[in-house]
Amino acid sequence: MSLVNMKTLLENAQKGGYAVGSFSVANMEMVLGIIKAAEETKSPIILQIAEVRLNHSPLALIGPLMLAAAKNAKVPVAVHLDHGTTIECIGKALRLGFTSVMFDGSHLPLEENIAMTKEVVSLAKGYGAAVEAEIGCVGGSEDGSVDIAMRCTSPDQAKLFAERTGVDALAIAIGNAHGFYKEAPQLRFDILEKVAATVDIPLVLHGGTGISEEDFIRCHQSGIKKINIATATFAASEGKVREGYEKGEIKGYYDLHQKEIQGAYENAKKHMEIFYSVGKAE
Ligand code: 13P
């Protein structure tokens, strides 16, 4: 159990017909809540943080916390850098011991995305870590600071990209976007099925917040093996705290701390059930 390579987790998910939840964290309370849900449901999980969030939660502090939580967990946990944009930050995460990193070159011209991704793959190899990259453009941005236009993945480009870069997991754009959806997403399952038919490696779905249970299940039955959840966790923790204040249940700091953990726990547990990862850590 404990800290594992993301590649192994996703290969097991491919064989077992489920997806692994990749939960973004900002602090210790979220880590505790998500690990509690994973241990209780016996689910393998990924703990992740995006480079853009490190201005709130410095890598030198949150990184060792995530790694220690993974090492002490009773279930397999991979620790992942989400949306790495600089070699410098990716290198720091690898030196700390992260077991996977994402390089997000989705906004770059194809050849540049391939060249940079290959550089990250060769860097990560030295640390035995897995690499995720993105082809096409997932809408929005991880922290909502820029409104990136969604551009669906071309199945032919996905095949070429996977072959030329040697990445372990590939994030695709099929109508998904980061943050809360303004209207219900219309996922392009036709594109997902075409990509899955031509690309052997596990596929990744970003922008998990707001996707329906039915669509999640269809995604993980069609080749998506890693599903990213960020906004829903932050909202669940914050919402539980707000409700606690409204009901007069928070009398001091440690009540607040408990509510944050509870929010992250409930949200993670719900997603583990939908992803069919329950019991897969056994
Ligand atoms: P959400 O914030 O929509 O859950 O997206 C998470 C994500 O894809 C992080 O990379």
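Any read-out appearing in this document is the output of simple, stated calculations on the displayed coordinates, not a laboratory observation. The structure displayed is predicted, hence computed values, not measured ones. As a convention, Cβ positions derive from the backbone with ideal geometry for all residues, glycine included, and neighbour counts pool all protein chains shown.
Could you derive backbone 3J(HN,Hα) for the stretch 87-102 from the dihedral phi with the Karplus parameters 6.51, -1.76 and 1.60 (θ = phi - 60°), listing whole Hz in sequence and x where the residue is Gly or Pro?
4, 4, 5, 4, x, 5, 4, 5, 5, 6, x, 4, 8, 7, 9, 9
Over all alpha-carbon pairs of the chain, lay out the pair-distance distribution in 10 Å bins, whole %, shortest bin first.
Using 10 Å bins, I get a P(r) of 7, 31, 39, 19, 3, 1 for the chain.
Please name which of VAL204, ILE35, THR231 has its Cα lying farthest along the dipole of the chain towards the positive end, using unit charges on Cβ (Lys, Arg +1; Asp, Glu -1) and the Cα centre as origin.
Checking the options against the dipole of the chain, the answer is ILE35.
Please grab the % of Cα pairs in the stretch 158-220 that end up more than 15 Å from each other.
Above the 15 Å cut-off, the stretch 158-220 has 50 percent of its Cα pairs.
Karplus couplings for the stretch 238-255 from phi (6.51 cos²θ - 1.76 cosθ + 1.60, θ = phi - 60°), rounded to Hz, Gly and Pro as x?
Along the stretch 238-255, the couplings run 5, x, 5, 5, 4, 4, x, 5, 4, 8, x, 8, 9, 9, x, 4, 6, 5 Hz.
How high is the relative contact order of the stretch 66-195, in percent, counting Cα pairs under 8 Å that sit 6 or more residues apart?
19 percent
Treating only the Cβ atoms of Lys and Arg (+1) and Asp and Glu (-1) as charged, compute the dipole magnitude of the chain about its Cα centre; round to the nearest 20 debye.
Dipole of the chain, to the nearest 20 debye: 640 debye.
So what does log10 I(q)/I(0) come out to for the stretch 121-244 at q = 0.09, 0.11, 0.20 Å⁻¹, using the Debye formula with one equal point on every Cα and no solvent?
Debye intensities relative to I(0), on a log10 scale: -0.27, -0.40, -1.12.
Taking the radius of gyration and the Kirkwood hydrodynamic radius from Cα positions alone, what is the Rg/Rh ratio for the stretch 18-114, to two decimal places?
Value, to two decimals: 1.00.
Do the sum for the chain: with -39,500 (n - 2.57) for every DSSP H run of n ≥ 4, divided by all residues, what is the mean residue ellipticity at 222 nm, to the nearest 500 deg cm²/dmol?
Calculated mean residue ellipticity at 222 nm is -15000 deg cm²/dmol.
Where in the stretch 122-195 are there chymotrypsin sites (Phe, Trp or Tyr not before Pro) that are in a DSSP coil and have at most 11 other Cβ atoms within 10 angstrom of their Cβ? Each step should come with its number before you reach the end.
On the way: sites: TYR127, PHE161, PHE180, TYR181, PHE189; in loops: TYR127, PHE180, TYR181.
Those that pass, being in a loop and sparsely packed, number zero.
Excluding the sites themselves, what is the longest stretch of the chain that contains no trypsin sites (Lys or Arg not before Pro) in a DSSP loop with at most 11 other C-beta atoms within 10 Å?
That would be 1-181.
Hey, could you grab the Kirkwood Rh for the stretch 92-192? Inverse mean 1/r over distinct alpha carbon pairs, Å, one decimal.
14.3 Å
Can you tell me, using C-alpha contacts under 8 Å and at least 6 residues apart, the relative contact order of the chain as a whole percent?
Over the chain, the number comes to 24 percent.
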